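Here, each number is a calculation from the coordinates, and none is a lab measurement. Predicted, not measured: the structure shown is a model, and the values here were computed from it. Quick reminder, even Gly has a Cβ in these numbers, built from the backbone with ideal geometry, and neighbours come from all protein chains shown.
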Amino acid sequence: MIWTEIADIKEKSKIRGRDIKRFRAQLDSYQKTIKLIESRINQMASYLRTRGKIANTQKIDETLDQIFSYKYETLEDTLSYIKELWKMTDNYLGATLARFGEMGAESTRNSIGSLRLITTVGVIAGILGYLGRDSLPTLTPIGGAFFALLLAVTWVVNELVSLYYSRKNYALKKDESLKLLP
């Protein structure tokens, strides 16, 4: 069930930037569950050893001994299979989490890049404004209003850029080596 839910997330072709955190939180929740179940599976080894000791110490005729040995070997094989299956599930989740980490970093890089552009344009505009003057500027009501307007426009542009990147679709790369198990 967990594998299928992870696959449902991972098999999406595109994910919006604003949904990255939600899916990441869901995957983190699955990781917590996987680690808890993995710990319980690892505890089965001691149960298996106890089963083996009981099967060896009981005085049972040869026919029953073969039956119990078969059940013991089946239990051991099943435990090995479950451990391997669980390891694959953990690896699958790890690969998915890594990709979501990459998408989050990409979204952050894009936002930082846009902020850098806004800051650069503002600094260049300020420098060009000072180069054309003969004296230092003084604060006037019109200058204060212009500065407030400039701050407001910068804030709006930043919000629009953030909104754009939160709505942008990020492609999930398909990993053909990990497929749903039968």
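What to note about this one:
- Local charge for Gln26 was computed over the other residues whose Cβ lies under 15 Å away, with Lys and Arg +1 and Asp and Glu -1, and equals +4.
- Table column - 3J(HN,Hα) (Hz), region 83-92, Karplus curve with 6.51, -1.76, 1.60, x for Gly and Pro: 4, 5, 4, 5, 5, 5, 4, 4, 5, 4
- Model label points for Ile82 and Lys21, set 7 angstrom from Cα along the Cα-to-Cβ axis, are 3.8 nm apart.
- Shown in residue order for region 116-130 are the 3J(HN,Hα) couplings computed by the Karplus curve 6.51 cos²θ - 1.76 cosθ + 1.60 at θ = phi - 60°: 4, 5, 4, 5, 4, 4, x, 5, 4, 4, x, 5, 4, x, 6 Hz (x for Gly and Pro).
- Restricting region 9-56 to trypsin sites (Lys or Arg not before Pro) that sit in a DSSP loop and have at most 15 other Cβ atoms within 10 Å of their own Cβ leaves Lys12.
- Checking the Cα-Cα distances for Lys21/Lys168; Lys10/Lys168; Lys87/Lys168; Lys14/Lys87; Lys32/Lys53 against a 22 Å cut-off, the pairs over it are Lys87/Lys168; Lys14/Lys87; Lys32/Lys53.
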